[in-house]
Each structure stands twice: as structure tokens, then as C-alpha cells.
1. Say whether the condition of being touching a Leu at 6+ places or on another chain (Cβ under 7 Å) and open to solvent by 60 Å² or more (accessible area, probe 1.4 Å) is met by at least one residue in the range 103-114.
2. Within the range 116-134, track down each residue that is surrounded by 11 or more Cβ atoms within 10 Å (Cβ to Cβ) and out of contact with any helix residue (DSSP H, G or I) (no Cβ under 7 Å at 6 or more places or on another chain).
3. Just a yes or no: is a residue in the range 75-94 closer than 30 Å to Ala136 by Cα and either among the polar types (S, T, N, Q) or under 42 Å from the mean Cα position of the chain (by Cα) (or both)?
4. Pairs under 7 Å by beta carbon, first residue closer than 15 Å to Leu134 by Cα in the range 110-122, partner aliphatic (A, V, I, L, M) and open to solvent by 60 Å² or more (accessible area, probe 1.4 Å), six or more apart or different chains?
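The values are calculated or read from the model by the stated rules, or taken from the named source; none is laboratory data. Quantities reported herein were computed from a predicted structural model and do not represent experimental measurements. For neighbour counting, all protein chains shown are included, and Cβ atoms are generated from backbone atoms with ideal geometry for every residue, glycine included. Ligands, DNA and RNA are excluded from the accessible area calculation, which covers all protein heavy atoms including side chains. Shrake-Rupley method; radii C 1.70, N 1.55, O 1.52, S 1.80 Å.
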Amino acid sequence: MTLILSWLTSKLAGPVLGACSGALLIALIGLWVASSATEAGLRSSVKTAQAQADTASRNLVACQGNQDALTKSLSVQNASLAALKAQGAAATASADKAVAAASSASTAAQASAAKLLASKPGADLCTSADALILEALK
């Protein structure tokens with residue numbers, strides 16, 4: 001019986017080990033193929049992500065350039081507004097002075113006119129006219 005068992009073992013061990021080795025080899029090849037596919041997918045994902053990052057980087061540079069241009073434009077506009085405000089304040093002050101001067105001159109002219117209208121000519125019209133003219137010239 002030992003002989004039969006030994007013979008069976010020697011005859012079956014080779015094919016069983018061969019089949020196990022073949023199955024193990026097929027499983028390893030399957031894992032290698034699956035890992036290659038996963039690696040290829042990961043490489044593709046990395047390339048896509050890198051392309052998106054490059055696009056985002058270019059967009060960021062463009063946005064920063066636009067922001068700089070906008071900041072400069074706003075600075076120029078604010079300076080122009082400040083200049084216009086100062087010019088308007090100066091024009092208002094000048095107009096206020098002119099109104100005050102005109103009002104003062106008007107008051108003086110009204111007083112002079114009232115004085116001239118209130119004066120009565122004397123007996124000598126020429127002397128009265130001379131006095132009136134001299135008074136008006138003051």
C-alpha cells in the first residue's frame with residue numbers, strides 16, 4: 001500500500017503542483033494587468049489634473065494682470081476726481097467772493113443813489129450840479 005501511495009503521490013504531485021503553479025501564474029498575470037490598467041488610469045488622471053492646474057495658473061496670471069490694470073485705472077480716476085473736487089471748491093470760493101464783492105458794490109451804489117436822489121438843488125443850479133458830481137466821484 002505504501003508503494004501505491006508513493007506511486008500515486010509521485011504521479012499526482014507533479015500535475016497538482018503544476019496546476020497550482022499555473023493557477024498562481026495566471027492570478028499574478030491578472031494582478032499585473034489590473035495594476036497596469038490602474039496605473040494607466042492614474043497616469044491619465046495625473047495628466048488631466050496637471051493640465052487643469054496649468055490652465056488655472058495661466059488664468060490666475062491673467063487675473064492678476066487685470067487686477068493690476070484695474071487698480072492703476074482706479075488710482076488715475078480717484079486722482080482725477082480729487083482734482084475736480086479741488087477745482088470745484090476753488091471755483092465756488094471764487095464765485096462766493098465775487099457775489100460778496102457785487103453785493104458790497106450794490107449796497108454802496110444804492111446808498112450813493114439814495115443820497116443823490118435825496119439831495120435838493122440849491123439856488124445856484126451850477127454849484128448844486130458841481131457838488132452833486134463831486135459827491136458822485138467820491
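1. No.
2. The answer is Thr127, Ser128, Ala129, Asp130, Ala131.
3. yes
4. Leu116/Leu132; Ser119/Leu132
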